[in-house]
Amino acid sequence: MSDKIRREKRTGRKIAALIFVFISVFCIVFFAARGRFETPIASTGVGLVISPFQNAISWISSKVDFISTTVNDILNVHEQNEQLKAEVEELRAKNLAASEFEAENQRLKALLGYKEVATQFDLVSARVIGREAATWSSMIVINRGSADGIANDMAVVTEMGLVGHISETGINSSKVQLILDPRSSVGTLVQRPESRVAGIVEGDINNPTMPKMINIPKNSDVIVGDMIVTSGFGGIYPKGLVVGRIKDIQNEESGLLKFGVIETTVNFQKLEDVAIIIQSREAPPAPIQPPAQQ
């Protein structure tokens, strides 16, 4: 009995499958021939039969169109986003370049203004192209050399004051020994008219950013805030170049002399452009005359 029921179930499934295949074939033939002829009598019945299939196909088609449109929109947005990123990076690079050009223009304008004021000097502008790693605060390299008329012992300045002097010259570059170098020595004096105390400015190995003015008599008239300028003695630095300002005064260990800690007017940490004094038309100071013999 059970075998008979199973056979009937299998037969029923085959009949349902055949009906489904028949309907599918009929729908395909109907859609293919729909544009060629019409069957008014059977159109109503056929419409009832194929209506669910048409609705399903229409729904699937609309979903496919929606997904396709969404994917295209996403791809377009991604492409536009990448283009905008590229434009932003390009604008940022241009902005940085413009800022750098503006900063360079201001520095060169300041040097040009100094050239117009310091008419007693013939100046050649130069750019700092390097620093020695071992003597970072003592030596710089500039892009001017003997081909530009540069020679050893020429003074190097900015519009703010004294930088140092040429210590070594190449054809297209030179080394500049800064006044921060402990090996350097600059003849200086107090600019204040009622003082005019002389001394020597040299680099301090214990304070690389602030040199000191040594050999100041203990009872001399030097106070905090005094401006220090070059004295002109020594044959390298012309007279009157600004060095810096006295920030502190301390006594030497011997107790006979004192020294002044100087805050330089030149910011050596931001040194980018300088000028070399290749000729000075200022008359050198008169030599010191020894006292007459009694």
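Numbers for the structure displayed
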read-out: Which numbered condition SER254 misses (of (1) within 19 Å of SER137 (Cβ to Cβ); (2) assigned to a loop (DSSP other than H, G, I, E, B)); value: (1)
read-out: Of residues in segment 151-189 being over 30 Å from the mean Cα position of the chain (by Cα) and not in a strand (DSSP E or B), the one farthest from GLU202 (Cα to Cα); value: ALA151
read-out: Single residue of ASP204, ASP221, ASP153 found to be of a type in the set (D, E, K, R) and within 22 Å of TYR114 (Cβ to Cβ); value: ASP153
read-out: Qualifying positions in segment 168-185 - of a type outside the set (Lys, Arg) and surrounded by fewer than 18 Cβ atoms within 10 Å (Cβ to Cβ); value: GLU168, GLY170, ILE171, ASN172, PRO182, SER185
read-out: Number of the condition not met by TYR237 [criteria: (1) open to solvent by less than 30 Å² (accessible area, probe 1.4 Å); (2) within 18 Å of ASP204 (Cβ to Cβ)]; value: (2)
read-out: Members of segment 260-282 that are part of a strand (DSSP E or B) and open to solvent by 20 Å² or more (accessible area, probe 1.4 Å); value: VAL261, GLU263, THR264, ILE278, GLN279, SER280
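Matching residues to (1) assigned by TED's automatic domain parsing to the domain that holds ASN152; (2) of a type in the set (A, V, I, L, M); (3) surrounded by 15 or more Cβ atoms within 10 Å (Cβ to Cβ); (4) under 18 Å from ASP153 (Cα atoms):
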{"site": "GLY187", "(1), (2), (3), (4)": "yes, no, yes, yes"}
{"site": "ILE216", "(1), (2), (3), (4)": "yes, yes, yes, no"}
{"site": "GLY232", "(1), (2), (3), (4)": "yes, no, yes, yes"}
{"site": "ASN251", "(1), (2), (3), (4)": "yes, no, no, no"}
{"site": "SER254", "(1), (2), (3), (4)": "yes, no, no, no"}
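The values are calculated or read from the model by the stated rules, or taken from the named source; none is laboratory data. In this text the structure is predicted, and so the values were computed from the model without any measurement. Every residue, glycine as well, gets a Cβ built from its backbone with ideal geometry; the counts of neighbours run over all protein chains shown. Keep in mind that these areas ignore ligands, DNA and RNA; they rest on the heavy atoms of the full protein, side chains included. Shrake-Rupley method; radii C 1.70, N 1.55, O 1.52, S 1.80 Å.
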